[in-house]
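Written out below as C-alpha cells is the structure these notes cover.
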Amino acid sequence: MSVEAGLIRALTGIVGRAGVVATLEGRLTYECDMHTFYKGIPDVVVLPESAEQAAAVVRLCRGAHVPIVPRGSGTGLIGGAMAPQGGVMVSMTRMNRILEVDIANRCATVEPGLINLWLSNATRERGYFFAPDPSSQMVSSIGGNVSTNAGGPHCLKYGITVNHILGLQMVTGAGEVVWVGGKAQDRPGYDLTGVMVGAEGTFGLVTAVMVRLLHLPEDVKTLLASFSTIEDASETVSAIIADGIVPAALEMLDEVMIRAIEEGIHAGYPKGASAVLLIELDGPRAEIEAQAVRIEKICRDHLALELRVAQNDAERALLWKGRKEAAGVIGRITPSWLLQDAVVPRSKLPQVMREMLAISARHRLVFANVFHAGDGNLHPIICYDDRVPGELDRAKQANEELLHACLQLGGSVTGEHGVGLDKAKNLPYQFADADLNFMARLRRVFDPDGIMNPGKLLPDHPACGEGFRPVAPTLPGGTWV
Amino acid sequence: MEGLRACVHCGICLPQCPTYRVLGEEMDSPRGRIYLMRAAADGRIALTPTLARHLDLCLGCRGCETACPSGVPFGSLLEATRGQIERRGIRSPESDQGTLSLLLALFPYPDRMAALLPALRLYQGSGLQALVRGLGLLAPFRRLRTMEALLPRVPGVGSARLEELTPARGGKPRGRAGLLVGCVQRFFYPDVNAQTARLLAAAGYEVVAPREQGCCGALHLHSGRLDDFRAMAKQLVASFRGDVDVIVANAAGCGSALKEYGHWLQDPEAEAFSQKVKDISEVLVDADLPLGELPVTVTYQDACHLAHGQKVRAEPRALLRRIPGLKLVELAESDLCCGSAGVYNLVEPGMAAELGRRTAERIRETGASIVAAGNPGCIMQMDRACRALGLNVEIVHPVSLLARALREAP
Amino acid sequence: MAVSAPALREALAAIVGGDCLVSDPALLAALAVDGVTPRWAARPGSVEEVSRLLALASAEGLHVIPRGSGSSLDCGMPPARVDLLLDCGRLSAILEHSPEDMVATVQAGLSLAALGAALGRHRQRFPVDPVGGASRSIGGVLATSATGPLRFRHGGGRDLLLGLRFVQADGTSTWGGSKVVKSVTGYDVPKLLVGSFGTLGVIVEATIRLHAMPPASGAWLLSFASHASAAAFVAGVLDSTLQPERMVVLNGPALKAAARPQARAAVAISVGSSAEAVESQGGDLRRLGAGLGATVSAIPDDFWLELGAVLAGPVRLRLAGEPSKLCFWLAEMEHLAGEASVSVSALGEAGSGAVRAALGRAALDGGWLLRAVASLREGLSAEGGYLVVERAPREVKDEVDVWGPISPDSLEIMKRIKRQFDPSGILSPGRFVGGL
C-alpha cells in the first residue's frame, strides 16, 4: 500500500506543512528504532500537535486503508517504531506537555511525547516521582513506555508501567477518541486501561496519559557487590529473593559489560570482577538499614569479593548512569549485536546463566550481560560482527537456543521490551493457538481494519487469521447438536 | 568514517540536541544526522541539498558528544561531512550560504574588522541606532535586522589597550602565557582581553599577546571549509612559536578549535601546540587571586565549546564561587546551546532566535541579575535574547567578574 | 435449542458426573441468584469439564453464571434467567507453589483462607484481603476485582496477577500472561478478565505474585473528632515518606460494628516491616495523629479479619471520586443518611479513595435509597467518580441501574469486546455495566 500525493496533501491539511516529513532523506531517518536490524521506511511521517490532529490522521488513513505506525522517541528495542509496510508514521514528539500535576490525588496527566525523566524532574521538588524507569528514561517517551508496558530496574519493587497508569486517551484504529480510566479508581466495567497499556500501537494512538505519582522514599541505599564467578552472583540473587526481601532494584553486570561501561562512563564499577550486583534499597530508613544487614550477610555467604555502599548522591547517580547507559556503550565493544529480553523464574537464574555460558562457548560469541536479575529478566547482548561471514547466523542461533532454554525453565519471551516485529514469531513458543486467537480477536475490537502498526506484536500465524476456530472441546455423545 | 559505526542508535543524545528540542524531528537530531551521514557513506543515498540542509541546521554545539555513551565523535564527523558537501558545491536553497560567505570573509581578517568599527561606532554614537531600532526601519530586512540586533556596544577609541607584553605582577612566577586575542573578542570585547591579561599577571604569569596573530579558523572548520581552516591554523601556530608555557584562550569556540589542531593538521608542531592550550578558567582555577567582595547574584551558561568541546564545566563555576559575596545560582539546562554557535545566529536567525528565547526564559527563572558565559558569541546572543524578552540582566564573561573583584597588590 | 430438558440434564451429567450436577429444586432454590433459581448447577472437577460445559451451553444457548464462594453473586443486575450455575468449588487445588520464586499457580475455586494457610507455612501471603472475605474464592476475588486494606501497599488483584487460564463462552480454554513476575509477551489479557464479573469467560486458574510476611508488624487505631481531622491525617500520611501496609477510614457506626470505642471517624493503620521500622514508623504515625487531636490505641492482628461486620446489611454501596475526597464523600453520604435516620457504616480505602458502605434497612423506606443514589452519583460524576450498588433487594434493583452510567465511548468498546468473545451472550448476560 503506497501513499499517494493526494493523501500527503490531506495530511498537510491536518498537521500543516511543518508537520509533514515527505523527503526521502527525512523519512529514511525514521526507518528503524534502536533495533536497527529491522528497517522499513514510512511513506510519510506526520507530527501532530493535538489529539484532534491525531484523530483526523487516523480517520484519513482508515478511509484510505493506509497503515499507521506510531512512534515516540524511537528508543524501542523490538522493531516496533518502524514501517515494514510503509504507510504513515505518526511521531508524537511534539505532543510533550505536562497537562496537569495533581499532588493531592498523587497523579499527573501528560502528553505521550513527554520524556519519562522530565516528569520526575518536574515533580521531584514537591517530593514525588514517576516510578517506571526504563534505562532509556532520559530519552524515551511516556507514550512509548505505555505502549510497550516498559519496565526498568526499579520495577522489581514498584511494578511495571501498567501499575502506574490511571487512565489514558486513545485514538483507536476505528477512529474513536476515547478516555478510559481516570482519577477515580476501580471504575466498574472492563479494565480497558489495563489492556490498552502494552498494546504497542496496535490498538491506536495514545494521545494523553494519566499516571500515578509516588512519594519519594525517606532514604536510599545503593550497594555494590562483586563476585569472582557469575554463578556466585546468581546464587546471591536467588537467595535474596528467597529471603523475602524486595529491593528497589537488583541488577547484575558481567565482566564484559563492566569493562565497556568503565571505558565510556567511568562509573566506578570494579574492573576485573566476573560479576557485579547493583542492589538498591529504598524506603523508611529503619527498614532499609535492617534489609541492608541481611543482604550484606547473604552476599558474604556467597563469597562476595567486595561490598561497597555508595556514600553520597553523586556516587549513586554515577553508578546508575553507568547502568542506565549500558545499552549505549555497546558501540564500544561490538559493531553489531542482538539483545535478548527473556525471563526465567528467579530461582532458575544460576541454571540459566550456566546454560548461557555454554551457549556462548559453543557458538564462539561474546555475550555481554547487564540485566534485571531480581526479576529474572535477562538482557544478554550477543556481540557479533556483521562483516564476518557467518557470525550473524551464529548469533541468531545462539539467541534462539537461549530463548528456548528460558522457556523450558518456565519463562517468558519478553520481560519488558515488548514484542514488536522482532519477537512476534516467538509468541507461539509461549502461547497455544487458542491464546493467540484470543489476542488477534481482541486486536480487531480496537482496530477492525488492521491499519494500526501491522506486522507487529502478533505472528503471521493461522491462529491470528480470520476464520480460525480453535479445536472445539468434545461434547458428550447425543443427538442434540 | 569508523566513528559513524559506533552509534548504536540509542537516542540518548536527542534531548541534548537544541534543534531536536525545537523541531522534534529525527533528521534534525544527532542520531538522525549520523544516520544520514552513514547512509551517504554507505552509498544508500546521495549527498543532496536536502541532506545538506539537515546538517546546516546543526549548531555544532556537540551537546550530543557529551551525552553519547558510545563516544561517537559527532563534531569531527559533521565537520568532515560538511567538508565533502563543500567540496562538491552542494547547496541547500534554504541555507543562507551568502551571509555565511560574507561573514567568513569578514571576521577572520583584523584589518577588515578594524575598518568597519568606526562606522559602527558612529552608527551607535550618533543616535542613528536608537532611531533605527525605535522605528523598526530594518523590519523588512531579516538578515540585516538580525545582525543589527546582535551588535553589542562597540567599544570606544579609548577602551582598555592590551600591551603585547604584560609582566607578572604577583604571586609566585608561573611562567609565560601566550594569549589568543580572537577576532570578535578583540574588536567587540577588548576589555575582556585586557582583564584576562590582568588576571593572568596577578596569578603570576608573564603574558604575551603576539601582534601578528590572526584568526584561529574555528568558523571555517565548523563550516566545512577545511582548506581555509588549515591555512589559518598553520599561521596561528607559527605566530605562537616563541617560548610560552601555556596558550590561553578566553573564547570557548577558539579554544576548542586550538585544542583540535593536532587532530586536523596531523603534524607534531600542531600537536604540541594543542597540548599547551587551556581555557582561561582552567589556568586560573588553582591560582592565588586576591579577590574582594562582589555582592551579586550570578548564573552561569555553559558555552558549548567549553562544556562539550573542551569538557570544561567545573572550573568557571569554581572560580565564580571563589568571589566573596557572589551568589552563584544554577541555570536549568545550562549546557543547552543558546543559539549563538559561531555565526549560526546570523545564518539561521529563526532557529537561533527560538533557542535564544528558551535560554532567556530559563535565565528569567533563576532571578539572577548577571549571566556569565565564557564566549563572546554567547554573550551577544543572550544579550539580544534577554533584551527581546524585556529581561534586565547583564551578560558578561566570567573574567570580567573576576576582574571586578580583583584587589591587586599596590 | 431443540433439545428436551431431560436430554440436557443427561448431557450435563455426562460431563461432570451425576453427583456433581444439582437438579433437585430444593437445593437449587438455595443457590438462587438475586432470587432467580438456576435450572441446574454443575460442579466441574477439571478445566476440561468447564470447557465441555461451556461448549454445551454455547451450543444450546444456556445462560451460565460462574460461582466461586457465592459471596458476590448478588452483585450486578438480576439475571433474566439462570440455566446453569457453574460452581467452581471443586477446582480448589494449589497447582504449583514455588516459595523461592514467590509465585503460585492455583485453581479458581481455592479460598483465600486455604491459600493463606498453605502460604503461611512459608511465611508468605497473597496480599488481597477483601473485608470479611476469607472464605471467598481466588476466581471470584479476581472476577469481581475485590480489594481490601492491604491494597494500600501491595495493589489489587489486578497488580498481583501474572497469568490466567479461563474458558471462553464457546468452551475454548485460554491462557493469558505468564508464570514469571515480569512479562510483556502479547496483550495483557489477564487484566481484561479481572473485574469482568463472569461476562467474558470463566476463570479457572491463576498464577499470582506472592509477598513475604513482614518480620514484624504493628497496628493502631487513631480516633478523630471530625472527618476533617481524619482527612488531614490521611493526607499527611500520603504526603510523607511513611509506608504503612494498610490505611482505612472508619466512620462512627463502622467503629461500633467493629466493637471499637466511639468516635466521629477513625483511621486504622498498620505497618509491616522490620521491628525497628515498625517502631519508628509507628511513632511517627502516632505523633502525626496526636498533632491532629487523635486518640491512639493499639489494635490486635485479628482486627482486620473482623471488619466484615462493618459491611453487613441489606444494602451495600461502593463509591469513589477523586482519592483526596474520600472523607468528603463519606461525610456527604452520612449527611444524606442522617436526614432520613438511615444508618451508614462505612469503610474507606485511603490512597485509592474507594468507600464501601453498608446501609440500614431504613434506606429502603419511601424511595430514600433511589434518591440518595441519584444525588450522590450526580455529585460524583462531576469529578469522574461513580457509585455502584453492590447489594440491594431485588425490588431496588428493578428501579435502579446498580452500576450507574458508563461513558458512552468506553461502553461502545466494551460492547464490542463482549460481542467478540461471547457472541451468543450466554455468560452472565445483562448483569454487568450497560447491560453487558
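Figures for the structure shown
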{"item": "Which numbered condition B:Lys278 fails, given (1) charged (D, E, K, R); (2) surrounded by fewer than 20 Cβ atoms within 10 Å (Cβ to Cβ); (3) in a strand (DSSP E or B)", "result": "(2)"}
{"item": "Hits in the stretch B:360-410 (condition: more than 14 Å from the chain's Cα centre (by Cα) and part of a loop (DSSP other than H, G, I, E, B))", "result": "B:Gly367, B:Ala368, B:Ser369, B:Leu389, B:Gly390, B:Leu391, B:Asn392, B:Val393, B:Arg407, B:Glu408, B:Ala409, B:Pro410"}
{"item": "Filtered residues of the stretch A:461-481 (kept if out of contact with any Pro (no Cβ under 7 Å at 6 or more places or on another chain), over 23 Å from C:Lys418 (Cβ atoms), more than 7 Å from every other protein chain (Cβ to nearest Cβ) and not small (Gly, Ala, Ser))", "result": "A:Pro462, A:Val471, A:Thr479"}
{"item": "Criterion (more than 23 Å from the chain's Cα centre (by Cα) and surrounded by fewer than 18 Cβ atoms within 10 Å (Cβ to Cβ)) met by exactly one of C:Ala216, C:Ala263", "result": "C:Ala216"}
{"item": "Meets criteria (surrounded by fewer than 24 Cβ atoms within 10 Å (Cβ to Cβ) and modelled with pLDDT of 95 or more) for C:Ser58", "result": "yes"}
{"item": "Qualifying positions in the stretch A:8-26 - assigned to a helix (DSSP H, G or I) and without any contact (Cβ under 8 Å) to a residue 60 or more places away in the chain", "result": "A:Ile8, A:Arg9, A:Ala10, A:Thr12, A:Gly13, A:Ile14, A:Val15, A:Arg17, A:Ala18, A:Leu24, A:Glu25, A:Gly26"}
{"item": "Filter result (more than 8 Å from chain B (Cβ to nearest Cβ) and not small (Gly, Ala, Ser)) within the stretch A:19-39", "result": "A:Val20, A:Arg27, A:Glu31, A:His35, A:Phe37, A:Tyr38, A:Lys39"}
{"item": "Residue within the stretch C:371-380 that is over 30 Å from C:Leu238 (Cα atoms), of a type in the set (Lys, Arg) and touching a residue at least 24 places away in the same chain (Cβ under 8 Å) present", "result": "no"}
{"item": "Residue list for the stretch A:404-420, filter: surrounded by fewer than 21 Cβ atoms within 10 Å (Cβ to Cβ) and within 20 Å of the chain's Cα centre (by Cα)", "result": "A:Leu407"}
{"item": "Candidate set from the stretch C:308-344 (those that are within 18 Å of the chain's Cα centre (by Cα), surrounded by 24 or more Cβ atoms within 10 Å (Cβ to Cβ) and over 15 Å from A:Asn105 (Cβ atoms)); member that is farthest from the other protein chains (Cβ to nearest Cβ)", "result": "C:Val310"}
{"item": "Filter result (assigned to a strand (DSSP E or B), of a type in the set (Val, Ile, Thr) and free of Cβ contacts under 8 Å to residues at least 60 places away in the same chain) within the stretch C:66-104", "result": "C:Ile94"}
{"item": "Every residue from the stretch A:226-249 that is out of contact with any helix residue (DSSP H, G or I) (no Cβ under 6 Å at 6 or more places or on another chain) and among the charged types (D, E, K, R)", "result": "A:Asp232, A:Asp243"}
{"item": "Residue in the stretch A:445-460 that is farthest from the chain's Cα centre (by Cα), counting only those that are within 12 Å of chain C (Cβ to nearest Cβ) and buried (at least 16 other Cβ atoms within 10 Å of the Cβ)", "result": "A:Val445"}
{"item": "Candidate set from the stretch C:48-65 (those that are outside any helix (DSSP H, G or I) and of a type outside the set (Gly, Ala, Ser)); member that is nearest to the other protein chains (Cβ to nearest Cβ)", "result": "C:Leu62"}
{"item": "Yes/no for A:Leu224 being more than 21 Å from C:Arg377 (Cα to Cα) and free of Cβ contacts under 8 Å to residues at least 60 places away in the same chain", "result": "no"}
{"item": "Residue that is nearest to the other protein chains (Cβ to nearest Cβ), among those in the stretch A:78-99 that are surrounded by 22 or more Cβ atoms within 10 Å (Cβ to Cβ) and out of contact with any Gly (no Cβ under 8 Å at 6 or more places or on another chain)", "result": "A:Met89"}
{"item": "Residues (among the small types (Gly, Ala, Ser) and touching a residue at least 40 places away in the same chain (Cβ under 8 Å)) located in the stretch A:311-360", "result": "A:Gly322, A:Ala326, A:Ala327, A:Gly328, A:Ser336, A:Ala342, A:Ser347"}
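Every residue, every condition in (1) closer than 30 Å to C:Val355 by Cβ; (2) buried (at least 24 other Cβ atoms within 10 Å of the Cβ); (3) more than 9 Å from chain A (Cβ to nearest Cβ); (4) in contact (Cβ under 8 Å) with a residue 24 or more places away in the chain, yes or no:
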residue: C:Gly155; (1), (2), (3), (4): yes, no, no, no
residue: C:Arg158; (1), (2), (3), (4): yes, no, no, yes
residue: C:Leu162; (1), (2), (3), (4): yes, no, yes, yes
residue: C:Lys179; (1), (2), (3), (4): no, no, no, yes
residue: C:Val184; (1), (2), (3), (4): no, yes, no, no
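So that you can scan it fast, the table gives a plain yes or no per residue for (1) farther than 14 Å from A:Val90 by Cβ; (2) modelled with pLDDT of 95 or more; (3) crowded, with 16+ Cβ neighbours inside 10 Å:
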position: A:Glu4; (1), (2), (3): yes, no, no
position: A:Gly16; (1), (2), (3): yes, yes, no
position: A:Gly19; (1), (2), (3): no, yes, yes
position: A:Gly40; (1), (2), (3): yes, yes, yes
position: A:Val44; (1), (2), (3): no, yes, yes
position: A:Gln53; (1), (2), (3): no, yes, yes
position: A:Val58; (1), (2), (3): no, yes, yes
position: A:Cys61; (1), (2), (3): no, yes, yes
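This table checks each residue for (1) within 19 Å of the chain's Cα centre (by Cα); (2) outside any helix (DSSP H, G or I); (3) farther than 28 Å from B:Cys64 by Cα.
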residue: B:Ile247; (1), (2), (3): yes, yes, no
residue: B:Ser274; (1), (2), (3): yes, no, no
residue: B:Val298; (1), (2), (3): no, yes, no
residue: B:Gln310; (1), (2), (3): yes, yes, no
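The values are calculated or read from the model by the stated rules, or taken from the named source; none is laboratory data. Please read these numbers as outputs of a predicted model, since none were measured by experiment. As a convention, Cβ positions derive from the backbone with ideal geometry for all residues, glycine included, and neighbour counts pool all protein chains shown.
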